[in-house]
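J.: First the structure, then my questions, so here it is.
The values are calculated or read from the model by the stated rules, or taken from the named source; none is laboratory data. Since we're looking at a predicted model, the values are computed, not measured. In this analysis, Cβ positions are derived from the backbone assuming ideal geometry, glycine residues included, and neighbour counts consider all displayed protein chains.
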Amino acid sequence: MNYIAVVLRKISDNLRKMPDILKKHKKVIIPLVVVLIAITALFNIASKSEDINNSDLSETKDVSEKVNVETLRVSKDTLTDTANYSGVIVPSSTVNVLSTISGDVNKKYYEVGERVNKESVLFDMDTEDILDSVNIAEVTAANAKNAVEKAKIALNNASHDYDVNAQLFDAGVIAKNTFDNIKTTYELAKLSLQDAENAYKVAETQLSMNRKTLQDASVKSPIKGVVLESNVNENAFLSAGTIAYVIINLDVINIEVNVTEDIINTIRLGDSVDVKIASVSEEYFKGNVINISPGANSDGTFKVKIEVLNSDNLLKSGMFAEVDFVKNYLENVLTVPVNSVLSENGQNYVYIVEDGIAKKMAVKLGFDHGDNIEILDGLSENMLVVTKGQQYVSDGLAVVDVTEVNQ
């Protein structure tokens, strides 16, 4: 009311200064002003009341609001303690393909990087001279074979004459010198057959060698793989014994790693290991231990060879790999997700949920597996541990478990 009186007084003072025409309407204007002031005052009071009510509602809402969390039951699991070592990929097999004959290269079929199958022809040597040698050897062998047949016939005849005349000689029908000549003919026939057979064997051997040379003129890959090196050119001379191609097998690759003595005795042949080649994939490849060196290298480490299937041929020789060897298995231990564990003033703790209320639990940690961590003390199996939203939870706070809703 004092506020309104002051306002009216100021209006009255101002009206005294106004022209006479306004003074004549003073009785009308003053009530209007009073009404306007009253409305304004009521509006201000209502606004303040609404602000107070809104503030009260906000405070009430904050007090009654529950925090949404997700949980996971504490369970027993098996954790593995691993040791990580770096290694280099090498082919599971490397073959040097040599030329066994000298001559000009007639045709080349594969270049570096191309895949070959076992028995694929890599290149052909010029065979003109070789074919001539084969033809001559075939004729020689055929003649030698005919000579053997003739020698057999001659021996058969000489043997028959010898048998008949031996009886005549025993009966005294023919003279000794006559029988001796027949006997000599028989012995010579046997020697002739032996010589013919030896000559035939030599001819057959030479023919086989020439045919083998003709076969070797088509040089084939002894394994399925990829061409790593090619040292031949068409129409160029190639000497016998030259490494013409190098073929590697990458369908199965090996990884060679050098491990320290503190882990070598925990590794066994056939052990399964996880292999990561970061340049190829973030996913792990499965490998198996196929060889363990019985002796140390000059630096005191031990070489271990891992075999990995490479059916997609994504893994290349020379790539770097990381291998995880399992040092120890921790079986039947309580575990929780690593991200559920909080720390304050050096004390590790988690929140569990009991009857909709968050409860702070101090825990003693064990082996950290990366995703899960061992709980040595502080929790029991089947407790509900908060895994999401724990940063917004405090001891005794009401929470809503939305795990099933979010799944």
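J.: Quick check on LYS316: is it among the basic types (Lys, Arg) and either outside the structural domain of GLN390 (by TED's automatic domain parsing) or within 30 Å of VAL227 (Cβ to Cβ) (or both)?
T.: Working: among the basic types (Lys, Arg): yes; either outside the structural domain of GLN390 (by TED's automatic domain parsing) or within 30 Å of VAL227 (Cβ to Cβ) (or both): yes.
Yes; evaluated as a whole, the condition is true for this residue.
J.: Mind listing whichever residues of segment 278-325 are in a loop (DSSP other than H, G, I, E, B) and charged (D, E, K, R)? Break it down into steps so the answer makes sense when it comes.
T.: Keep residues of segment 278-325 that are in a loop (DSSP other than H, G, I, E, B), which gives 278-284, 293-301, 310-319.
The answer is GLU282, GLU283, ASP299, ASP312, LYS316.
J.: Here is a list of conditions, (1) touching a residue at least 24 places away in the same chain (Cβ under 8 Å); (2) farther than 25 Å from ASN249 by Cα, and VAL139 meets all of them except one; can you say which number that is?
T.: (1) is the only condition that VAL139 fails.
J.: Within the group SER298, SER311, which residue is of a type in the set (Ser, Thr, Tyr), under 29 Å from the mean Cα position of the chain (by Cα), at negative phi and assigned by TED's automatic domain parsing to the domain that holds LYS286? Walk me through how you get there before you give the answer.
T.: Working: SER298 fails: under 29 Å from the mean Cα position of the chain (by Cα).
The match here is SER311.
J.: Also: Does VAL338 count as in the same structural domain as ASP395 (by TED's automatic domain parsing), touching a His at 6+ places or on another chain (Cβ under 9 Å) and hydrophobic (A, V, I, L, M, F, W, C)?
T.: Yes: the conditions hold for VAL338.
J.: On to the next question. When TYR329 is evaluated against the numbered criteria (1) crowded, with 17+ Cβ neighbours inside 10 Å; (2) at pLDDT below 95; (3) not small (Gly, Ala, Ser), which criterion, by number, is the only one it fails?
T.: (1)
J.: Report whether or not VAL112 is touching a Pro at 6+ places or on another chain (Cβ under 7 Å), closer than 30 Å to ILE277 by Cα and not assigned by TED's automatic domain parsing to the domain that holds VAL400.
T.: Working: touching a Pro at 6+ places or on another chain (Cβ under 7 Å): no; closer than 30 Å to ILE277 by Cα: yes; not assigned by TED's automatic domain parsing to the domain that holds VAL400: yes.
Answer is no for this residue.
J.: What is the residue count in segment 207-223 for residues that are within 19 Å of ILE247 (Cβ to Cβ), surrounded by 19 or more Cβ atoms within 10 Å (Cβ to Cβ) and polar (S, T, N, Q)?
T.: So the count comes out to 1.
J.: VAL386 is checked against (1) under 25 Å from ASP81 (Cβ atoms); (2) at pLDDT 95 or above and fails just one. What number does that condition carry?
T.: Result: VAL386 passes all but (1).
J.: For segment 224-253, give me each residue that is among the small types (Gly, Ala, Ser) and either within 29 Å of MET319 (Cα to Cα) or crowded, with 18+ Cβ neighbours inside 10 Å (or both).
T.: Of all residues in segment 224-253, those among the small types (Gly, Ala, Ser) come to 225, 230, 236, 239-241, 244.
Scanning segment 224-253 gives GLY225, SER230, ALA244.
J.: Is it the case that some residue within segment 168-175 is at pLDDT below 95, in a helix (DSSP H, G or I) and exposed (fewer than 12 other Cβ atoms within 10 Å of the Cβ)?
T.: Taking segment 168-175 first, the residues at pLDDT below 95 are 168-175.
Filter once more, so that each one left must be in a helix (DSSP H, G or I): 168-170.
Adding the requirement that they be exposed (fewer than 12 other Cβ atoms within 10 Å of the Cβ) leaves 170.
For segment 168-175, residues at pLDDT below 95, in a helix (DSSP H, G or I) and exposed (fewer than 12 other Cβ atoms within 10 Å of the Cβ): present.
J.: Given the conditions (1) more than 30 Å from THR403 (Cα to Cα); (2) of a type in the set (S, T, N, Q); (3) at pLDDT 90 or above, which single one is not true for ASN68?
T.: (1)
J.: While we're here: Is it the case that segment 340-361 has a residue that's out of contact with any Phe, Trp or Tyr (no Cβ under 9 Å at 6 or more places or on another chain), closer than 19 Å to TYR85 by Cβ and in contact (Cβ under 8 Å) with a residue 40 or more places away in the chain?
T.: The first filter runs over segment 340-361 and keeps only residues out of contact with any Phe, Trp or Tyr (no Cβ under 9 Å at 6 or more places or on another chain), leaving 344-357.
With closer than 19 Å to TYR85 by Cβ added as a condition, the list becomes none.
No.
J.: Does SER317 satisfy the criteria of being surrounded by 15 or more Cβ atoms within 10 Å (Cβ to Cβ), in contact with a Lys or Arg (Cβ under 7 Å, 6 or more places away or on another chain) and not hydrophobic (A, V, I, L, M, F, W, C)? Don't jump to the end; show me each part of the working.
T.: Numbers: surrounded by 15 or more Cβ atoms within 10 Å (Cβ to Cβ): yes; in contact with a Lys or Arg (Cβ under 7 Å, 6 or more places away or on another chain): no; not hydrophobic (A, V, I, L, M, F, W, C): yes.
The answer is no for SER317.
J.: It is to be established whether one or more residues within segment 150-161 are charged (D, E, K, R), free of Cβ contacts under 8 Å to residues at least 24 places away in the same chain and surrounded by fewer than 16 Cβ atoms within 10 Å (Cβ to Cβ).
T.: Within segment 150-161, the first condition is being charged (D, E, K, R), and the residues that meet it are 150, 152, 161.
Next cut, free of Cβ contacts under 8 Å to residues at least 24 places away in the same chain only: none.
No, the conditions are met nowhere in segment 150-161.
J.: Can you name every residue in segment 180-196 that is charged (D, E, K, R) and touching a residue at least 40 places away in the same chain (Cβ under 8 Å)? Walk me through it before giving the result.
T.: Filtering segment 180-196 down to residues charged (D, E, K, R) leaves 180, 183, 187, 190, 195.
If the condition is that a residue be charged (D, E, K, R) and touching a residue at least 40 places away in the same chain (Cβ under 8 Å), then ASP195 is the only one that fits.
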